[in-house]
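A quick write-up on the structure given underneath.
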Amino acid sequence: MNRAKAFSQSVEYVTLENALSMLQYSDIVNAFSSMAEKPWAGKVLKRVTTGRYTLIDVQRDIDDFFIEKIVELAEETKNEEARNCLNSMISLSELINIVVVLHNLSVGRKPATIFPTPLARKIPLVSPEEFDIHAFRRNVDKVFTGLVDRFIKNKKLSMREIALALHKPVEKIDKVSNYRVWRLIGIYHDAIAVRLCRMFPDLLKEPLYPLIMEDKIFREACNSDLIELSKTSSGYRRIVLELFDALTDSLTILKGIEAFDLATVLTTMSLSKTLVGGEVEEKVKRLVHLMGSSVILKLIVLSVYTNTYRVELQRLLSKWLK
Amino acid sequence: MVEVKQSLFTEKKILVVGDPVLGLIGVAAGADALIYRNNCEELVSELKKSIQNYNVLIYFRNIEDDCKNFRDYVPSLKEMVLTIPLDHPKEAGRIEVAEYYKSLVKKYLGISIEF
């Protein structure tokens with residue numbers, strides 16, 4: 001990659017320096033004004049300086065920017081192995097979004113999304129009654145249509161379909177051809193699986209195949225109290241313990257499953273530092289940075305907007321973003 | 001425990017960080033070696049103390065995978081010494097392990113060895 005391109009891509013990310021600088025401001029306008037030259041600041045800056053806005057508006061603007069970049073990244077990637085790896089990670093994130101949307105609909109809540117994925121920007125913030133499930137089905141990737149079809153038919157989520165949908169995104173990921181990427185996608189897959197089985201304990205009755213976690217700790221992660229789980233500091237692979245260490249730090253600012261989501265993102269961002277060579281590693285690293293930047297920027301906005309957890313967030317980012 | 005193997009050579013320029021085999025080979029070739037045995041924090045603290053004595057650091061990449069502290073320290077290491085990350089034989093694919101070590105030694109330490 002030439003230097004100019006590398007530079008233009010690096011400014012798409014939120015660096016530790018950017019994050020710590022923004023956290024020094026007491027309002028969103030000044031925090032983003034201090035980053036005015038960054039591409040990711042433009043849309044938010046326009047919104048917050050030209051009229052009334054809500055926290056959700058700002059967070060959606062942030063998601064929109066990074067989702068567009070993720071879509072561009074997927075489209076520009078021609079190398080088949082790199083595409084498979086990108087699609088794998090995007091699909092795992094997409095699965096969480098789809099399950100959360102369907103679950104919310106089934107319990108009469110507004111649809112919501114968790115991770116920045118191409119589907120996320122197509123989900124309208126409407127009441128469950130106004131939500132067009134058939135339009136939603138047309139937008140989801142074909143690997144998930146079985147899951148949505150079963151939901152439309154039975155009006156509830158099928159655990160079997162979720163288990164199948166968890167397996168599909170990692171089918172083509174090869175451990176031998178790129179060990180480090182496999183490892184990163186593996187822990188991401190396992191964390192997504194844990195996230196889902198914590199939402200639906202019945203999912204554990206289905207055949208689930210963690211890629212990195214030993215079966216014992218996988219089941220514990222699905223069942224244990226998150227605070228207890230975060231204290232696990234030995235006895236398992238270091239990569240798994242790293243996820244729990246990130247969970248310990250995430251629990252200082254977020255509660256429950258949101259802390260687990262943040263820990264998942266922090267762990268993949270930290271592991272992405274081991275990706276240094278070749279197109280596959282480079283593309284996956286970029287995807288992880290784009291996804292992570294979106295999550296981190298939204299957290300910064302939340303902290304500045306609500307004037308909470310500033311010190312805790314500074315501490316957490318200093319450890320995980322360095 | 002981090003094991004510091006001292007070579008017979010007085011000029012210390014190359015530091016090898018890896019498994020016992022790579023460490024032994026490194027020492028035989030006149031380098032110093034730190035052996036990584038899942039002792040992440042100890043390894044990084046030892047490196048921080050001694051890295052200024054070296055010009056080149058040869059290490060197995062799998063240490064970066066395992067040890068977050070080392071991973072976070074690598075950017076600083078790159079500013080201080082020439083860093084040469086190597087794939088561990090078990091992840092280098094279908095290879096003859098002995099030949100792999102021999103080729104590493106030949107390439108990076110400039111000596112021929114026989115097992």
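The values are calculated or read from the model by the stated rules, or taken from the named source; none is laboratory data. Fair warning: this is a prediction, and the values are worked out from it, not measured in the lab. Please note: Cβ atoms are built from the backbone with ideal geometry, for glycine as well, and neighbour counts cover all protein chains shown.
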Going through segment B:43-53 in order, the residues found to be more than 14 Å from chain A (Cβ to nearest Cβ), surrounded by 15 or more Cβ atoms within 10 Å (Cβ to Cβ) and under 19 Å from residue B:65 (Cα atoms) are B:46, B:47
May I ask you to list the residues in segment A:219-238 that are exposed (fewer than 15 other Cβ atoms within 10 Å of the Cβ) and closer than 22 Å to residue A:201 by Cβ?
A:223, A:225, A:227, A:228, A:231
Options A:38, A:69, A:43: the member that is in contact with a helix residue (DSSP H, G or I) (Cβ under 9 Å, 6 or more places away or on another chain), within 30 Å of residue A:178 (Cα to Cα), surrounded by 15 or more Cβ atoms within 10 Å (Cβ to Cβ) and not aromatic (Phe, Trp, Tyr):
A:69
Quick one: residue A:274 ticks every box in (1) within 14 Å of another protein chain (Cβ to nearest Cβ); (2) polar (S, T, N, Q); (3) over 18 Å from residue B:72 (Cα atoms) except a single one, so which number is it?
(3)
State whether one or more residues within segment A:282-294 are assigned to a helix (DSSP H, G or I), farther than 22 Å from residue A:35 by Cα, without any contact (Cβ under 8 Å) to a residue 60 or more places away in the chain and not β-branched (Val, Ile, Thr).
yes
Test residue A:60 against the stated conditions and say whether it is in a loop (DSSP other than H, G, I, E, B) and under 25 Å from residue A:298 (Cα atoms).
no
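Answer yes or no: is there a residue in segment A:231-243 that is away from chain B (no Cβ under 14 Å) and more than 23 Å from residue A:76 (Cβ to Cβ). Even if it seems obvious, please write down each step before you answer.
The first filter runs over segment A:231-243 and keeps only residues away from chain B (no Cβ under 14 Å), leaving A:231-232.
Subsequent filtering for residues that are more than 23 Å from residue A:76 (Cβ to Cβ) retains A:231-232.
There is at least one residue in segment A:231-243 that is away from chain B (no Cβ under 14 Å) and more than 23 Å from residue A:76 (Cβ to Cβ).
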Can you name the residue in segment A:80-114 that is under 30 Å from residue A:278 (Cβ atoms) and among the charged types (D, E, K, R) and, of all such residues, is surrounded by the fewest Cβ atoms within 10 Å (Cβ to Cβ)?
A:80
With the requirement that a residue be under 22 Å from the mean Cα position of the chain (by Cα) and within 20 Å of residue A:207 (Cβ to Cβ), what does segment A:148-164 give you?
A:157, A:159, A:161, A:162, A:163, A:164
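Quick test for you: out of B:102, B:90, pick the one residue that is basic (Lys, Arg) and within 14 Å of another protein chain (Cβ to nearest Cβ). Working first, answer last.
On the way: B:102 fails: within 14 Å of another protein chain (Cβ to nearest Cβ).
Answer to the check: B:90.
Report yes if residue A:200 is surrounded by 20 or more Cβ atoms within 10 Å (Cβ to Cβ) and aromatic (Phe, Trp, Tyr), otherwise no.
On the way: surrounded by 20 or more Cβ atoms within 10 Å (Cβ to Cβ): no; aromatic (Phe, Trp, Tyr): yes.
When the stated conditions are applied, residue A:200 does not pass them.
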Restricting attention to helices (runs of 4 or more DSSP H) lying wholly within segment A:153-255, give those where 2 or more residues are touching a helix residue (DSSP H, G or I) at 6+ places or on another chain (Cβ under 8 Å), at positive phi and without any contact (Cβ under 8 Å) to a residue 60 or more places away in the chain.
none
Inspect segment A:180-188 for any residue being under 29 Å from residue A:104 (Cα atoms), under 21 Å from the mean Cα position of the chain (by Cα) and more than 14 Å from every other protein chain (Cβ to nearest Cβ) and give the result as yes or no.
yes
Does residue A:114 satisfy the condition of being of a type in the set (Val, Ile, Thr), within 14 Å of another protein chain (Cβ to nearest Cβ) and either touching a residue at least 40 places away in the same chain (Cβ under 8 Å) or under 30 Å from residue A:55 (Cβ atoms) (or both)?
no
Of the residues A:312, A:279, A:258, which single one is more than 14 Å from chain B (Cβ to nearest Cβ), free of Cβ contacts under 8 Å to residues at least 12 places away in the same chain, out of contact with any Asp or Glu (no Cβ under 6 Å at 6 or more places or on another chain) and part of a helix (DSSP H, G or I)?
A:258
Residues being surrounded by 14 or more Cβ atoms within 10 Å (Cβ to Cβ), at the interface with chain A (Cβ under 10 Å from one of its Cβ atoms) and within 21 Å of residue B:54 (Cβ to Cβ): count how many of those fall in segment B:74-87.
2
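Among A:169, A:210, which is the only one that is farther than 26 Å from residue B:88 by Cα, more than 14 Å from chain B (Cβ to nearest Cβ) and not aliphatic (A, V, I, L, M)? Give the derivation first.
Working: A:210 fails: farther than 26 Å from residue B:88 by Cα.
Of the residues listed, the single one that is farther than 26 Å from residue B:88 by Cα, more than 14 Å from chain B (Cβ to nearest Cβ) and not aliphatic (A, V, I, L, M) is A:169.
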Limited to segment A:255-283, what total is found for residues that are within 11 Å of the chain's Cα centre (by Cα) and small (Gly, Ala, Ser)?
1
In segment A:117-133, the residues that are of a type outside the set (A, V, I, L, M), touching a residue at least 40 places away in the same chain (Cβ under 8 Å) and assigned to a loop (DSSP other than H, G, I, E, B)
A:117
Could you grab the pairs with beta carbons closer than 9 Å, sequence gap of 6+ or different chains, first residue in segment B:53-71 and farther than 22 Å from residue A:320 by Cα, second one of a type in the set (S, T, N, Q)?
B:56/B:83; B:57/B:83; B:58/B:83; B:59/B:83
Would you be able to tell me the number of residues in segment A:250-276 that are farther than 15 Å from residue A:89 by Cβ and either at pLDDT below 95 or surrounded by fewer than 22 Cβ atoms within 10 Å (Cβ to Cβ) (or both)?
12
